[in-house]
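Please treat every number below as a calculation from the coordinates, not as lab data. Just so it is clear, the structure is predicted and the values come from calculations on it, not from any experiment. Cβ atoms come from the backbone with ideal geometry, glycine included; neighbour counts cover every protein chain shown.
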Amino acid sequence: MADMREFDRVPQAAGADPWAAADVLRDRAAQAAAVRRQLSEAVGEAATDNGQLRAKVGAGGLQELVIDPRAMRMPSSDLAAAIVEITRRARDDLDRRREQLAGELGVARDGVDLDESLARLEQLRALVAGGHGDMRRVFERFREQSGD
C-alpha cells in the first residue's frame, strides 16, 4: 500500500461492481490493520549519558524504567526531573522510529484516520446487506454519504 489515504477512496471504475468495491476496501482494511499493528509494536528507548536511568516507551506509554542504585543518591526532585526527561526522550525516539517504519512500509501517515476509514467500510457493508437487490443504488448512496 503506497499511501493510506488511498484507503479512504472508494474505487470508482466505470460501471464499478459494489461487491468488488467492498472487496477492495476489505483488502485495504486488512493491509491498514497490518501496518497499524507494526506501528503499535514499535518501542522507543533512551538512557542518561551515565546509564543510570533507562526507559522504554511503546504505544501504551512507559513500558520499562531502569534505575541504577547509584541514581538513588540524587535528590528526589532531581531524580524525578531526570525520569520525566528520559521518558520524554524515549517517546521522541518512539515517534522517530514510527516515522522511519512508516517510510519503510511506504505509508503516508498524515491525515489518515484508520478508525474513521473502518467505520466507513462497516457503513458500506451495512448498506450492501440491506440493499434489497439494488446494488448500484446502495453504492451511490454510500458515495453520497461518505462525501466522495
So Arg70 and Ala47, fully extended at 0.36 nm per residue minus their Cα-Cα distance, gain in nm 6.8 nm
Place a +1 charge on the Cβ of each Lys and Arg in region 42-104 and a -1 charge on the Cβ of each Asp and Glu, then give the dipole magnitude about the Cα centre in debye, rounded to the nearest 20.
120
Order these peptides, 75-81, 43-49, by their mean beta-carbon neighbour count within 10 angstrom, highest first.
43-49, 75-81
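Set the Förster distance to 35 Å, then compute FRET efficiency between Ala80 and Gln123 from the Cβ-Cβ distance, nearest 0.05. List each step's numbers first, then the result.
On the way: r = 48 Å, r/R0 = 1.36.
E(calc), rounded to 0.05, equals 0.15.
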